[in-house]
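The values are calculated or read from the model by the stated rules, or taken from the named source; none is laboratory data. Computed from a predicted model, the values in this text were never measured in an experiment. Positions of Cβ are generated from backbone atoms using ideal geometry, with glycine treated the same way; all protein chains shown enter the neighbour counts.
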Amino acid sequence: MGLLESIHVPTDIRRLSMDELTLLATEIREHIFQSVSKNGGHLASNLGVAELTIALHYVYDLGPFPTGPDSLLWDVGHQCYAHKMLTGRAEMFPTLRKKGSVSGFPSPDESAYDLFSVGHAGTAISTAVGMARGGELMNKPGNVIAVVGDASIVNGLAFEGLNNAGTLKRQLLIILNDNGMSISQPQGAFSQYLERVRVSTTYGEAKKLAEKFVGRLPATVGHTVEQVWRHVSDGVKSALWPGQIFETLGIKYFGPVDGHDLPGMIDLLAEIRHVEAPVLLHVKTVKGNGSEIASAEPTKFHSPAAFQVNGCRVEIAKGPGKSWTTAFADAMIALAKTDPRVVALTAAMPDGTGLSKFEKEIPNRYFDTGICEAHLSAMAAGMAKAGMRPFAAIYSTFLQRAFDQVWQEVALNHLPVCFCMDRAGFVGDDGPVHHGFMDQAFLRPMPGIVLMAPSDEAEMNRAVRLTLTLETVSAMRYPRDNVPTRNFEEVIDASLRSAASAEWRTGQSRTLRNGTDATVIVYGALAQNAMAAATELAGDDISVQVIDARFCKPLDSEMLARVLRPGHPVLTVEDHSLQNGFGSAVVEHARPAHRSRHTRAAAR
């Protein structure tokens, strides 16, 4: 690793020359590229912040929490690889995202240099404002820095944080890492505004004039950058000036500056460090910088699986079979071609939810709101009210951000929006910030909601078709995995096939295997595991019935009345927390039924 091998704590970089720091950035990129190609992970975003991360650790005293004294917070967190390498974890990167090694997101359990476990966008400004206020009240000196992407800053929580940040009377640095990309192309008016700033001749010339003037000033003048930039902004307010938005909120604006100019970044951060007011530094970077492969296709290499480079060709590892995500996209395309009311919505995850495929087929009924799950859910309510049938494809973990809108705007108003929750259950490499293990728990209390989980691709198609018959909110969950290679009705006993392949009726389960000794009721994609377990138990002369529940709400009360009988073991299986999930729903159903049986027995 060369220079990187000698970096154990951030202060080690301060003994390096500027040329060595530039070389260190190159080594960090190479190490990231090698690690991600082997293990998968977030590539392009991390390659783009190497110089920025080095400059931050060079200028600020970002020691382990709580000794600090300065604090660094990452928004989303998937651009923290360079930070982790500079804080003593470079040797762990060959096993990136593996159990017991370094994770792909900041984690205080992993290192005191990580302040928050974070994997959701828009949070850093609010937590930074909180740390700044807390530090002031606790009389703890120190700088607080939040690194936020241009896609994250349009999140509603980020704007709430900006609104409050402007009331601070102390130092707070917000770095807007503007690479013109989110996971895919950024969406919305603010991203278009930033794009106009990037190509503005008027602004570019004014910035060059300011930098030239600052360069001529002796160091003894004092903290002149703030003063000069103020004069420049005042001089071009009639033209395009990106700082107007932030200055109006009471936040001093600097930039945009080249985020890959390491000496320039260090000099500017050293000046800004002394500004006793909230500051936003607009840094222009290139997603995937340093890698021709990643910078040419930043969306493809945002979070690739392991890959190999063979000459000019990159081969990304693909598992066998068809993913649930692709099965959902195919089902949506087929449904939309039969019903013009169907619209597909995503919150900056067109590839992750499969809707990029939908967009190519039916572009006029596809909408990407950017990283704004709450807005997406409320917008879906409005579209449903207008007569459309919205399908909102959102990762399970990200739907948590829109809980209030799902309840207030959709469920309370009895609107037929279907929330399609990809990455339900445990997601593996991305870790706890992306696990989808609470969706049934927070959705199940909503009156009138229909909760469902298909167990194979044919069931996915039946589920989306069912939603068009519903006049209420619904939610469907499926994992980050492949669908079974064959639909169950193709392989189960002939006596069960007809019922198993019938169109869905709300609250009706299906039987996949008959058995007399016990019953397994499985909810969703784990049906293939339940069938395999039943087959194995049959080898021990244990006859197990397997029932595909299909629904968590409403439950199949007729089926439960048959299987919940004295002396007959019943096991529920799901990829969700034990608390308030499908199993809890069955137990809640069973208790009144059990009391009713005892009451009738006592009466006799």
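Would you confirm, using the coordinates I've provided, whether Val59 is aliphatic (A, V, I, L, M) and at positive phi?
Criteria not met by Val59.
Tell me, yes or no, whether the stretch 524-538 has at least one residue that is in a loop (DSSP other than H, G, I, E, B), outside the structural domain of Arg423 (by TED's automatic domain parsing), at pLDDT 95 or above and loosely packed, with under 15 Cβ neighbours inside 10 Å. Before the answer, list the steps.
Initial filter on the stretch 524-538 (in a loop (DSSP other than H, G, I, E, B)): 524-526.
In the following step, the residues that additionally are outside the structural domain of Arg423 (by TED's automatic domain parsing) were identified as 524-526.
Then drop every residue that is not at pLDDT 95 or above, which leaves 524-526.
The next check asks that each one be loosely packed, with under 15 Cβ neighbours inside 10 Å; those that pass are none.
No: the stretch 524-538 contains no residue that is in a loop (DSSP other than H, G, I, E, B), outside the structural domain of Arg423 (by TED's automatic domain parsing), at pLDDT 95 or above and loosely packed, with under 15 Cβ neighbours inside 10 Å.
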How about the stretch 371-400: which of its residues are of a type outside the set (A, V, I, L, M), touching a Gly at 6+ places or on another chain (Cβ under 7 Å) and either assigned to a strand (DSSP E or B) or buried (at least 24 other Cβ atoms within 10 Å of the Cβ) (or both)? Cys372, Tyr395, Ser396
Candidates Pro479, Pro484 - the one that is assigned to a loop (DSSP other than H, G, I, E, B) and crowded, with 23+ Cβ neighbours inside 10 Å: Pro479
Please go through (1) over 23 Å from Lys322 (Cβ atoms); (2) in contact (Cβ under 8 Å) with a residue 60 or more places away in the chain; (3) out of contact with any Ser or Thr (no Cβ under 9 Å at 6 or more places or on another chain); (4) not hydroxyl-bearing (Ser, Thr, Tyr) for Pro445 and return the number of the only condition it doesn't satisfy. (2)
Outside the structural domain of His260 (by TED's automatic domain parsing) and touching a Leu at 6+ places or on another chain (Cβ under 8 Å), is that true of Phe33? yes
Look at Val118 and say whether it is at pLDDT 95 or above, at negative phi and of a type in the set (A, V, I, L, M). no
Give the number of residues within the stretch 346-381 that are closer than 16 Å to Gly156 by Cβ and not acidic (Asp, Glu). 14
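Conditions (1) more than 26 Å from the chain's Cα centre (by Cα); (2) within 21 Å of Asn529 (Cβ to Cβ), marked per residue:
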site: Asp540; (1), (2): yes, yes
site: Val544; (1), (2): yes, yes
site: Lys553; (1), (2): yes, no
site: Ser577; (1), (2): no, yes
Looking at (1) surrounded by fewer than 13 Cβ atoms within 10 Å (Cβ to Cβ); (2) modelled with pLDDT under 90, which is the one condition that is false for Glu276? (2)
For Leu470, which of the numbered conditions (1) at pLDDT 95 or above; (2) buried (at least 18 other Cβ atoms within 10 Å of the Cβ) fails to hold? (2)
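Listed here are the residues, each with its yes/no results for (1) over 18 Å from Pro432 (Cβ atoms); (2) of a type outside the set (Phe, Trp, Tyr); (3) within 20 Å of the chain's Cα centre (by Cα).
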| position | (1), (2), (3) |
| --- | --- |
| Ile54 | yes, yes, no |
| Asp70 | yes, yes, no |
| Leu96 | no, yes, yes |
| Gly104 | no, yes, yes |
| Ile125 | yes, yes, yes |
| Met131 | yes, yes, no |
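Yes/no per residue for (1) more than 17 Å from Ile175 (Cα to Cα); (2) polar (S, T, N, Q):
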{"position": "Asn46", "(1), (2)": "no, yes"}
{"position": "Cys80", "(1), (2)": "no, no"}
{"position": "Leu86", "(1), (2)": "yes, no"}
{"position": "Val102", "(1), (2)": "yes, no"}
Take the residues in the stretch 307-342 that are modelled with pLDDT of 95 or more and acidic (Asp, Glu), then tell me which one is surrounded by the fewest Cβ atoms within 10 Å (Cβ to Cβ). Asp339
The helices (runs of 4 or more DSSP H) lying entirely within the stretch 1-118 that contain at least 2 residues which are surrounded by fewer than 15 Cβ atoms within 10 Å (Cβ to Cβ) and not hydroxyl-bearing (Ser, Thr, Tyr) are 18-39
Only residues that are part of a loop (DSSP other than H, G, I, E, B), hydroxyl-bearing (Ser, Thr, Tyr) and within 27 Å of Asn482 (Cβ to Cβ): list them for the stretch 343-370, please. Thr353
For the stretch 555-575, how many residues are on the phi > 0 side of the Ramachandran plot and within 31 Å of the chain's Cα centre (by Cα)? 0
